[in-house]
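Accompanying notes for the structure given below.
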4 protein chains.
Amino acid sequence: MSSIFNGSTLHLSIFGQSHSEAIGMTLDGLPAGIPVDPDRLQQFLNRRAPGQNDWSTARREEDRPEFLCGLKDGITCGAPLTALIRNRNTQGKDYESLRVIPRPGHADYTAQIKYSGFQDYYGGGHFSGRLTAPFCIAGGILLQFLERQGIIVNARILRIANVTDDAPFLASVADKLFPAVSDEASRCMQKTIAEAHSEGDSVGGIVECVVRGAPAGLGNPIFDGVENRIAQLMFAVPAVKGIEFGAGFAAAEMHGSENNDEFCIQNGSIHTCTNHAGGILGGITNGEEIVFRVAFKPTPSIAKPQRSVNLESMQPEILEITGRHDPCIVPRAVPVVEAVAAVSLSDLILRGNDTWN
Amino acid sequence: MSSIFNGSTLHLSIFGQSHSEAIGMTLDGLPAGIPVDPDRLQQFLNRRAPGQNDWSTARREEDRPEFLCGLKDGITCGAPLTALIRNRNTQGKDYESLRVIPRPGHADYTAQIKYSGFQDYYGGGHFSGRLTAPFCIAGGILLQFLERQGIIVNARILRIANVTDDAPFLASVADKLFPAVSDEASRCMQKTIAEAHSEGDSVGGIVECVVRGAPAGLGNPIFDGVENRIAQLMFAVPAVKGIEFGAGFAAAEMHGSENNDEFCIQNGSIHTCTNHAGGILGGITNGEEIVFRVAFKPTPSIAKPQRSVNLESMQPEILEITGRHDPCIVPRAVPVVEAVAAVSLSDLILRGNDTWN
Amino acid sequence: MSSIFNGSTLHLSIFGQSHSEAIGMTLDGLPAGIPVDPDRLQQFLNRRAPGQNDWSTARREEDRPEFLCGLKDGITCGAPLTALIRNRNTQGKDYESLRVIPRPGHADYTAQIKYSGFQDYYGGGHFSGRLTAPFCIAGGILLQFLERQGIIVNARILRIANVTDDAPFLASVADKLFPAVSDEASRCMQKTIAEAHSEGDSVGGIVECVVRGAPAGLGNPIFDGVENRIAQLMFAVPAVKGIEFGAGFAAAEMHGSENNDEFCIQNGSIHTCTNHAGGILGGITNGEEIVFRVAFKPTPSIAKPQRSVNLESMQPEILEITGRHDPCIVPRAVPVVEAVAAVSLSDLILRGNDTWN
Amino acid sequence: MSSIFNGSTLHLSIFGQSHSEAIGMTLDGLPAGIPVDPDRLQQFLNRRAPGQNDWSTARREEDRPEFLCGLKDGITCGAPLTALIRNRNTQGKDYESLRVIPRPGHADYTAQIKYSGFQDYYGGGHFSGRLTAPFCIAGGILLQFLERQGIIVNARILRIANVTDDAPFLASVADKLFPAVSDEASRCMQKTIAEAHSEGDSVGGIVECVVRGAPAGLGNPIFDGVENRIAQLMFAVPAVKGIEFGAGFAAAEMHGSENNDEFCIQNGSIHTCTNHAGGILGGITNGEEIVFRVAFKPTPSIAKPQRSVNLESMQPEILEITGRHDPCIVPRAVPVVEAVAAVSLSDLILRGNDTWN
């Protein structure tokens, strides 16, 4: 299936290459009657768009989606919704060498092995981070849908390299150019990125996502739990190397009496006193905040010379990647993480009843 | 789909509840002609089976699979392979109260919300860790299949609570009763478990898995990469709260020049000088070792009194879980992690060609 | 996917071979709270079971399903429902020759080509009509479910060889041993079967199915309409060679003004004045009776000598099939057709809303 | 899934409405390295395109596909292939009344029930026959692929209303404007269509498809056989009301000794002496010609006045459909039937091995 996600109800098809005519997505399975606000969608897409600041690639793309079908008068009509973004700023440089001398940390080598030279290696082709733009079209639409159900998805930068933002995550940082909570941590993180950049290097980081207002009972046992779904979709995003829910890896160091979230009654309804489970028990939401964190590796495209191999001559080569790339992908990944959460949760919300009566 | 995993070629259906007549699995999509060695399968299942030692539940089940179909003379015949394990040691105690007073850290509460009292709450029902036994039947068969292709899957305990085994993971620890590499770390880990046990508590840990011999080119872009698949399946295992590949969360702290795996030539073929990617670039194997780590939370069933709520009276309750449970699930989870890797990779290996010529 | 049907909500896994330990099915995706009446299910299964009369094979199997899981106190619990039927009457004769000398009209030859001799050729293996028994377990459960929603599924024998039952299909014939409407046509059909039988031959026929009470709005455009689903499932039944909905092939001979079903108002609600569409427009039910007909070829196993080829020696052979087989499969196929309708429609009914508001 | 077909290897997403910005398709799962000849594709699409002759709608659309991605230098690159066709000739008339007064034989009524007025009712929206154009893009590409494997797919008009073309189907009729075999039958059929047209009426017909050169062993048991797949896809085409394979409904009238295809040796390889099975046994190809026939109902849009109902006032209405429509859809359906066959068979050919050794 590769580039089609078959959820319980939603089906998301992502298509395009970095330098093809267009990239885009089809979202199939949406009920009719869901309004789409194009301005708010554009605002959301702008958070991911490149070329806006110091830590993002200089490739400027407006990332304005063109809707082909699926809407009538701005409202879903029950038919598949397809939108695309034209690639305008393409093939300005020669990528031919990348097929022969693969970039460390990129899919150049594995794509060559798999597709025997037929792959589109311009700009990383179908493996490019640019493919997260259509993902964000789907996510942006579904974030609006969720918000109408009272479900709010917020992500933030938790860490850049060795700088952590310890501030509690109480409100959205979507309006910030650099979406961290603490302004002090933010400055420190940006400085870290700038330093790496000036050295021709890059840094990674961690994005944390919190979902508020999700009802209890979403998700299903074994293969179709909330965690399975979010994880499966999250690794569709380039540079993701880890994901954890609730206490996550820290839970592995805890005792049960510490990690277990005891139940209590608050305002007449049942809650847990803590939330080490990240809002998910047995793959199913328990009504608490859904919390997960995603590890992003540093951008593999760096200016520093690196060792590679010429696949034709089988001789070592020193590779110097020219052009400008994001010295840190993490700030632009924040809305992408929200999009992943939105697709996963909307898919589960749109299912039929789990109890029949 | 919930309890059916639809891979690219393999389809795994897991069925059963902790106290139903039987638990089992159907593996659909296996080609004909694959031999299954029942003795080696039984050895593999024994590594997961309960009741064998101090850190595992006293519930004894032999976990002997009964094959219903799919084999002819011990070789797959192209039809779905179904095997089941009878539940013999069931309903020895009263679980009725669990429906009303949910156990912290378990799916009791979320199952009640979702299934409105119709769920089978005995022993956790379909959410029980016992459902990893049929998963291991599938995994055990596929580990044999992979081994015949020269692909070896090994997992080990990397950490229990705050004790880490720093020894390099060079050889299988499958024969060890406590599957850690360093004997000293092993003793320390077992002591930690025993102490938690004696306090009526439990501990979590981390399992590391290494796959050697996998060819380059397995996995697909976007939604169907090796990481997506392993992660999706891994969260089917109760108590898993995080997964990371290669350097994982540590990569988030690195610079690109440090994390990138440079290419070099070894013995005439292309390799990476390091393996921070965990053998996966762009979702596709690069021929290096596939490495991932899985975080398990501490067993939620503990003897210590815990606060819960009576769902009928909506009054607080103090819950004391009687009976014996694994004070640490991690040792028995090691073969389960191997099974997850085996299902994921076999599914990708059995696909048709990615290049047509 | 082969032996797993992945519907919109329901997932049906069929497993087993004619002479394996057992055959069975897993039905995944059923909501919790649906009662299953085992006696009525058994009555339904008895309609399909072999060995009851003159036109069915002498192989006697009780076809009593054993429920392994998925029910609690006779009500679905939200977990997969698995049931199996033991094969008791197996391997009484030698099927070894069938691998080498394929029976005309059977899957012996194609299975050999596909599975290279590893297939289970005893009794047709996974291709046996016996696999319709687990299909009927799923169907029988879902017929009960549909009936509770006021949806009644009835099938009947419409034709045997050249004998047609022209009587209008107004009430269930499920209680009849030979499920035709007109008693006169029934006698004639039975005589035709008996004559073919006495000549060592077999006959085919047509089954008609009518679904009453299905609401308007079931089914979806393009690939997931009611017709797509029923057709896809119907061809899972051995010997089916054609299917038509409403006027079907006769519609090809009509003018639009004749075939179009005009709309009218009856008792205050909208209906069509005729029902050439068989209750389906654009893949979606319109609230009228769903009507379809299925063509079954004559049983391929006949006593008359037939020409075949020895696949090893590549020499012509004259094959004489011994043992007794159904001289006409059609009477036993009637409940199977109902089962197919029940699975298809239940799957569509259990979906979430198509309009969100 | 609705408008996404998930095959064993190929995934086809169809999107668009009759009057949306564009219609199109994404074909996912194609291996890299498959050439696409755009001129031959265009020739194929022209056979389906409207506005070319007397029996087709006057709406002229060039149906020139624009490829967005998935190709590099005219060869598949392993990434999803997306192509679209702009709708230029749209909204020239008022379809508003169709929402309120549904056309008999169309999906107007069922779409209104399902989507509560949010559906795009212009020109039939997503239910329009125009959506077969993107289907033909996929099919046209895959027909080229099949041809390179020596597999030739040909369809022809077998019947229009009560006129049958009895001529044997030995060679392609793709070059004919009216794709029947016998010129005499062709004239008679065209006369029948013209007469119906002049009366403000329409006629239906039957298309026959023959696939030559398909290897034995394609298709899988139970749900994934060749017949299941072709049937599932065929009912995605508007106006299809029946399908039969080989002898089809006629087999229901035969005796087993007549219908069974005996095996014989021709030129040193195994064949069947007849082909009542239509090349498929047990869902799997046997190496003979694959033969199936598809029944198309008469075009529901006719000029003759018809009774309908005003859904708002709930009063009877006499509907007169203005504008011009195909008086017979069958000639343009011929390439669509070929496209369905091509998608079904290519999907099965691209699977991995069924026997592992």
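Using a Gaussian network model of chain A with C-alpha springs under 10 Å, which one of A:Met314, A:Met25, A:Met189 is most mobile by mean-square fluctuation?
Its mean-square fluctuation being the largest, the pick is A:Met314.
Quick one: label points 7 angstrom along Cα→Cβ at C:Ser97, distances to the other copies in nm, smallest first?
Label point to label point, same position, other copies: 6.8, 7.2, 7.3 nm.
Taking only DSSP H segments of four or more residues, each worth -39500 (n - 2.57), what value at 222 nm results for chain C once the sum is divided by all its residues, to the nearest 500 deg cm²/dmol?
On the way: 8 runs with 90 residues, N = 357.
Value at 222 nm, helices only: -7500 deg cm²/dmol.
Have a look at B:Asn357, B:Ala333, B:Ile321 and report the one farthest towards the positive end of the charge dipole of segment B:267-357, computed about the Cα centre with Cβ charges (Lys/Arg +1, Asp/Glu -1).
B:Ile321
Can you give the local net charge around B:Gly29? Use residues other than it whose beta-carbon is closer than 13 angstrom to its beta-carbon, Lys and Arg +1, Asp and Glu -1.
Details: positive: B:Arg351, D:Arg351; negative: B:Asp28, B:Asp347, D:Asp224, D:Asp354.
For residues surrounding B:Gly29, the net value is -2.
Could you sort out which of A:Lys241/B:Lys297; A:Lys241/B:Lys176; D:Lys191/D:Lys304; C:Lys297/D:Lys241; A:Lys114/D:Lys72; A:Lys191/A:Lys297 sit more than 23 Å apart by Cα distance in this structure?
Values: A:Lys241/B:Lys297 20 Å; A:Lys241/B:Lys176 30 Å; D:Lys191/D:Lys304 19 Å; C:Lys297/D:Lys241 20 Å; A:Lys114/D:Lys72 15 Å; A:Lys191/A:Lys297 18 Å.
Listed pairs above 23 Å: A:Lys241/B:Lys176.
Peptide A:14-25: average number of partner chain Cβ atoms within 10 Å per residue? Numbers along the way, then the final one.
Values: counts 7, 13, 7, 9, 1, 2, 9, 7, 6, 3, 8, 3.
For peptide A:14-25, the averaged partner shielding equals 6.
So if I place +1 on the C-beta of Lys and Arg and -1 on the C-beta of Asp and Glu, and nothing else carries charge, what would the dipole magnitude of chain A be about its Cα centre? I want it in debye, nearest 20. Write down the numbers at each step before the final one.
Working: 30 positive and 40 negative charges, 152 e Å.
That gives a dipole near 720 debye.
Between segment B:85-157 and segment C:271-327, what's the alpha-carbon centroid distance in Å?
Each part reduced to its Cα centre gives a spacing of 42 Å.
Simple spin-label model, 7 Å along Cα-to-Cβ: C:Glu66 to A:Asp73 in nm?
6.1 nm
Which of A:Asn267, A:Asn310, A:Asn162 moves most in a GNM of chain A, Cα contacts under 10 Å?
A:Asn267
Where in segment A:271-297 does the amide nitrogen come within less than 17 Å of the point 7 Å from the Cα of A:Asp166, taken along Cα to Cβ?
It comes to no residues whatsoever.
Find the eigenvalues of the gyration tensor of the Cα atoms of the protein assembly as shown, then list the square roots of 5 times those eigenvalues as equivalent ellipsoid semi-axes, largest first, in whole angstrom.
Values: eigenvalues 486, 284, 197 Å².
With the √(5λ) rule applied to the protein assembly as shown, the semi-axes are 49, 38, 31 Å.
Kindly sort A:Glu21, D:Glu208 by accessible area of their heavy atoms, largest first, with the probe set to 1.4 Å. Each step should come with its number before you reach the end.
On the way: A:Glu21 100, D:Glu208 25 Å².
Sorted by accessible area, descending: A:Glu21, D:Glu208.
Using a ≥ b ≥ c from the Cα gyration tensor of segment D:224-271 (square roots of the eigenvalues), is it rounded, prolate or oblate, where a/c under 1.5 gives rounded and otherwise the larger of a/b and b/c decides, a/b for prolate? All intermediate terms of the calculation are to be shown ahead of the outcome.
Details: a/c = 3.57, a/b = 1.69, b/c = 2.12.
Oblate is the answer for segment D:224-271, as a/c is 1.5 or above yet b/c matches or exceeds a/b.
Filter the GluC sites (Glu not before Pro) in segment B:255-319 down to the DSSP loop ones having no more than 12 other Cβ atoms within 10 Å, then list what survives.
Values: sites: B:Glu258, B:Glu262, B:Glu288, B:Glu289, B:Glu312, B:Glu317; in loops: B:Glu262, B:Glu288, B:Glu289, B:Glu312.
For GluC sites (Glu not before Pro) across segment B:255-319 that sit outside H, G, I, E and B with at most 12 neighbouring Cβ atoms in 10 Å, the list reads B:Glu312.
Could you pull the copy-to-copy label distances for C:Asn353, with points set 7 Å along Cα to Cβ, in nm to one decimal and sorted shortest first?
Here C:Asn353 shows inter-copy label distances of 1.4, 5.0, 5.2 nm.
How large is the dipole of the protein assembly as shown about the Cα centre if only Lys and Arg carry +1 and Asp and Glu carry -1, each at its Cβ, rounded to the nearest 20 debye? Working shown, then result.
On the way: 120 positive and 160 negative charges, 1 e Å.
Computed charge dipole of the protein assembly as shown: roughly 0 debye.
To test your reading of the geometry: what angle, between 0 and 90 degrees and rounded to tens, separates the Cα axis of helix C:330-349 from the longest principal axis of chain C?
So the helix axis and the longest Cα principal axis differ by about 40 degrees.
For chain C, what is the percent of antiparallel DSSP beta bridges, rounded to the nearest 5?
Values: 54 of 54 bridges.
Once the DSSP bridges in chain C are tallied, antiparallel ones form about 100 percent.
Per-residue Cβ counts within 10 Å, from other chains only, averaged over B:263-269: what number is that?
Working: counts 15, 4, 5, 0, 0, 1, 2.
The per-residue average across the peptide is 4.
Within 10 Å of each Cβ in peptide C:192-199, how many partner chain Cβ atoms are there on average? Round it to a whole number, please. Don't skip to the end; give the middle numbers.
Numbers: counts 1, 0, 0, 1, 3, 0, 0, 3.
For this peptide, the per-residue mean of nearby foreign Cβ atoms is 1.
Can you give me the distance in nm between label points at D:Arg187 and C:Lys304, each placed 7 Å from the Cα along the Cα-to-Cβ direction?
4.2 nm
For C:Gln112, what charge total do you get from the other residues with a beta carbon under 15 Å from its beta carbon, if Lys and Arg give +1 and Asp and Glu give -1? Don't skip to the answer; put the middle values down first.
On the way: positive: B:Lys72, C:Arg99, C:Arg103, C:Lys114; negative: C:Glu96, C:Asp108, C:Asp120, C:Glu312, C:Glu317, D:Asp354.
Within the 15 Å Cβ shell, the charges total -2.
Taking a temperature of 37 °C and a viscosity of 0.692 mPa s, what whole-number D in µm²/s does Stokes-Einstein yield for segment A:235-326 with Rh from Kirkwood over alpha carbon pairs?
Working: Rh = 17.3 Å.
Once the numbers are plugged in, D ends up at 190 µm²/s.
So how much accessible area does B:Lys191 have, in Å² to the nearest 10, using a 1.4 Å probe?
It works out to around 130 Å².
Once a ≥ b ≥ c are taken as the square roots of the eigenvalues of the Cα gyration tensor of segment C:70-193, is the result rounded (a/c under 1.5), prolate (a/b larger than b/c) or oblate (a/b not larger than b/c)?
Details: a/c = 2.71, a/b = 1.19, b/c = 2.27.
Note, shape of segment C:70-193 comes out oblate.
If r is the Cβ-Cβ distance from C:Glu258 to B:Asp37 and R0 is 60 Å, what FRET efficiency results, to the nearest 0.05?
0.35
Find every distance from the label point of C:Arg212 to the corresponding label point in the other copies (7 Å from Cα along Cα→Cβ) and write them in nm, one decimal, shortest first.
Here the equivalent label points are 5.1, 5.6, 7.0 nm apart from this one.
Please work out the Kirkwood hydrodynamic radius for chain C, using every pair of different C-alpha atoms, and report it in angstroms with one decimal place. Please report the intermediate quantities before stating the final value.
Working: mean 1/r = 0.0466 Å⁻¹.
Kirkwood hydrodynamic radius for chain C: 21.5 Å.
To the nearest 0.05, how large is the calculated FRET efficiency for D:Arg148 and D:Asn267 if R₀ is 30 Å and r is the Cβ-Cβ distance? Can you show the working numbers first?
On the way: r = 24 Å, r/R0 = 0.79.
Efficiency, rounded to the nearest 0.05: 0.80.
In a GNM of chain D with a 10 Å cut-off on Cα contacts, which of D:Ala339, D:Ala277, D:Ala171 has the highest mean-square fluctuation?
D:Ala171
Report the residue of chain C with the smallest Cβ-to-axis distance, using the rotation axis that brings C onto B, in whole Å.
C:Ser13, 2
Share of chain A's accessible area from carbon and sulfur, percent, 1.4 Å? Working shown, then result.
Working: 5250 of 11160 Å².
Its accessible area is 47 percent carbon and sulfur atoms.
Would you work out which of C:Ala214, C:Val181, C:Leu170 lies farthest towards the positive end of the dipole of segment C:123-224, given +1 charges on the beta-carbon of Lys and Arg and -1 on that of Asp and Glu, about the Cα centre?
Of the options given, the answer is C:Ala214.
The values are calculated or read from the model by the stated rules, or taken from the named source; none is laboratory data. Predicted, not measured: the structure shown is a model, and the values here were computed from it. Using ideal geometry, Cβ is built from the backbone for each residue, glycine included, and neighbour counts are taken over all protein chains shown. These area figures cover heavy atoms from the full protein model, side chains too; ligands, DNA and RNA do not enter into them. Shrake-Rupley method; radii C 1.70, N 1.55, O 1.52, S 1.80 Å.
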